[in-house]
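Report on one structure; see the data block that follows.
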Amino acid sequence: INGYYPDGEKDNRISHHAQFWGIYTDMFPDSAYKNLFENILPQMTYYQETYSIEKGYEYLSFIKANQVDKLMAIINDVWGGWVDKGFTRFPENIFPKANRQQQLSFYDRPFGMSLCHPCNGVPPIIAILHGVLGFSQSDQKINEYTIKPDLVDLKWVDARIPVKEGYIGLHINKENTSFIEIPKNCSITLLDFKTSKVKMKLDKAGKYDFSY
């Protein structure tokens, strides 16, 4: 449920915000992820039609729940939909179901610049960096990083991740040889996206081949 009002009264509405913050803060049981994403969220009023500034945290919860395929489907539908319509910047009205006239005018400011850059700009970056590339940084030793790629429907990906030691270069290919290139003074753990087992642990600068 949504939680409690300031006066202590229970808010019995089921909101997607409550579900995602529950996942993100380890309050939501792992065993209930499947039911949440397959049955509860799709039935929520306006869930597919509205977007909020919390999308970045919401998408981190998708990733934590191993729902990268569903996340990338949303990215393709919403952000890809804007590209298909010819937008070269975020539409003023970001709601996916908005019609053409509504997309071009919001807050009574026809053709104004979008005010929702946290909502628009951050989620795709999170989806690629933490979802597709599976990048994370240790909270104990900040020069230790983990890569756990999940290409979902992509055949390959090229990426360059900026870290304080330099850049981590990645070329991941489902069918051919993949490689990772790491800078000095850091260590990288490469995990298998299906089993989460360690494929490679690297602590010397260089270029290393691996199979996806």
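The values are calculated or read from the model by the stated rules, or taken from the named source; none is laboratory data. Just so we're clear, the structure is a prediction, and the values are computed from it rather than from any experiment. Cβ: placed from backbone, ideal geometry, glycine included. Neighbour counts: every protein chain shown. Only protein heavy atoms, including side chains, enter the accessible area calculation; ligands, DNA and RNA are left aside. Shrake-Rupley method; radii C 1.70, N 1.55, O 1.52, S 1.80 Å.
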Go through Thr50, Thr25 for me and flag whichever is open to solvent by 40 Å² or more (accessible area, probe 1.4 Å) and at pLDDT below 80.
-> Thr50
Looking at the stretch 185-212, which of its residues are open to solvent by 20 Å² or more (accessible area, probe 1.4 Å) and not in a strand (DSSP E or B)?
-> Asn185, Asp192, Phe193, Lys194, Thr195, Ser196, Lys197, Asp203, Lys204, Ala205, Ser211, Tyr212
Residue list for the stretch 77-102, restricted to those being part of a loop (DSSP other than H, G, I, E, B), loosely packed, with under 13 Cβ neighbours inside 10 Å and on the phi < 0 side of the Ramachandran plot | Lys85, Thr88, Arg89, Lys97, Asn99
Counting only strands (runs of 3 or more DSSP E) entirely within the stretch 129-184, those with at least 1 residues that are under 16 Å from Asp209 (Cα atoms) and modelled with pLDDT of 95 or more are 144-147, 156-163, 166-173, 178-182
Go through the stretch 167-184 residue by residue and tally those that are open to solvent by 60 Å² or more (accessible area, probe 1.4 Å) and either within 24 Å of Asp139 (Cβ to Cβ) or within 20 Å of the chain's Cα centre (by Cα) (or both).
-> 2
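So that you can scan it fast, the table gives a plain yes or no per residue for (1) under 21 Å from Ala65 (Cβ atoms); (2) touching a residue at least 12 places away in the same chain (Cβ under 8 Å):
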position: Asp139; (1), (2): yes, no
position: Val152; (1), (2): yes, yes
position: Glu175; (1), (2): no, yes
position: Ser187; (1), (2): no, yes
position: Asp209; (1), (2): no, yes
Kindly check whether there is at least one residue in the stretch 107-128 that is within 24 Å of the chain's Cα centre (by Cα), modelled with pLDDT of 80 or more, open to solvent by less than 80 Å² (accessible area, probe 1.4 Å) and closer than 20 Å to Glu181 by Cβ.
-> yes
